[in-house]
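Taking it in order: structure first as structure tokens, then the write-up.
None of the figures in this text is laboratory data; all of them are computed from the coordinates on show. Note that the structure is predicted; figures quoted are calculated from it, not measured. Cβ: placed from backbone, ideal geometry, glycine included. Neighbour counts: every protein chain shown.
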Amino acid sequence: MQTVYSKKYWKWGFCSKLYDALTPESYRESLRQVVRQLPKKSNLTLLDVGCGSGLLVDVFKEQGIEGIRYLATDVLDEGVAHAWQKATQNFKSGEALCFRSDLERGLAVKERSLDVAVAHFSLYTLSDDSLRNEVFRDLYKSLKPGGRLICVNPSIDYDPKNIIEESLDLLVQRKNCFLYGSKRFLVYPLTFWFGLKFIYSQLRSGNWRFYTREEIKEVLQKSGFKINSFKPVYAGSGIMVVATAD
Ligand SMILES: C[S@@+](CC[C@H](N)C(=O)[O-])C[C@H]1O[C@@H](n2cnc3c(N)ncnc32)[C@H](O)[C@@H]1O
């Protein structure tokens, strides 16, 4: 059953900016893995599906990624507003467009218009599997022939403790004692108790969806995709699939 908290979870996170502030480093690392899967071509039209606050744009900026026409959509105005703010700072005028839309009512982009669709932890909270599968079919139709889907969802091994541990390991590599200390003792306890444990409970209760490799493979193949690769990300708590539309 969806509670008020689960319905408003992302909205509150975006409004308060806690979503960005509490994001574990391991999650940002998962976005970096997504960026590594982008085709090495310029002028890519990319749709950030369920863009949230635009963390993908943060990673584009961090990695100096250029040559992308960035389209982003989310059902929440609060997410779209933040993504748009970041996009206008990172992209030239006319290279970015962020808009509100509900994936459950169809994908608001032209058929065969995208080179890449990124769905990073954005489909697992949709109301049910049939709607989710419909979105995969819409994504297939929206990609040009040879276009690429990069999709990350929670895995059956979702584990909040592993996420925090990997995040701390990644921060050790930065050699910044203040950053490490503040995340370890102040930020990540909040991330753990108010973010990750909550998501874990939603996944285990069946309100939200985790996938095994076989399940996501079957869904994508039924939608017409050819699977290129699988990769565990997010300390094994996420599964990244790269797939191609014919
Ligand atoms: C965990 S957040 C991920 C956001 C972003 N992709 C990231 O990695 O930071 C899930 C996002 O999916 C969006 N979302 C959920 N249901 C949606 C729907 N029906 N249509 C569009 N976006 C949706 C939420 O509003 C939220 O921003």
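Worth a mention:
- Charge tally for ARG148 (other residues, Cβ to Cβ under 13 Å; Lys, Arg +1; Asp, Glu -1): +3.
- Selection from TYR211, PRO232, ALA117, by position along the positive dipole direction of the range 4-244 (Cβ): ALA117
- Pair ARG32, LYS161: separation of 7 Å Cα→Cβ label points (nm): 2.6 nm
- Rough spin-label spacing in nm, given labels placed 7 Å along Cα→Cβ, for TRP193 and THR212: 3.5 nm
- Our coupling estimate for the range 84-101, obtained by passing each phi through the Karplus curve with A = 6.51, B = -1.76, C = 1.60 and θ = phi - 60°, is 5, 4, 5, 5, 5, 7, 9, 10, 6, 4, x, 9, 9, 8, 10, 9, 7, 7 Hz, Gly and Pro reported as x.
- Note on the chain: with a GNM built from Cα contacts shorter than 10 Å, the maximum mean-square fluctuation among LYS175, LYS183, LYS217 falls on LYS175.
- For the chain, a crude dipole built from +1 on the beta carbon of Lys and Arg and -1 on the beta carbon of Asp and Glu, taken about the Cα centre, is about 340 debye to the nearest 20.
- Site pair LEU186 and ALA21 shows an inter-label distance of 0.9 nm when each label is modelled 7 Å from Cα along Cα→Cβ.
- The value given for the range 115-188 is a Kirkwood hydrodynamic radius of 15.3 Å, derived from the mean inverse Cα-Cα separation.
- Gaussian network model of the chain, springs between alpha carbon atoms under 10 Å - residue of CYS98, CYS177, CYS151 with greatest fluctuation: CYS177
- Around TYR200: net Lys/Arg minus Asp/Glu count, Cβ-Cβ under 14 Å: +2
- Helical content of the chain, expressed as a calculated mean residue ellipticity at 222 nm, amounts to -12500 deg cm²/dmol (DSSP H runs of 4 or more residues, -39,500 (n - 2.57) each, divided by residue number, nearest 500).
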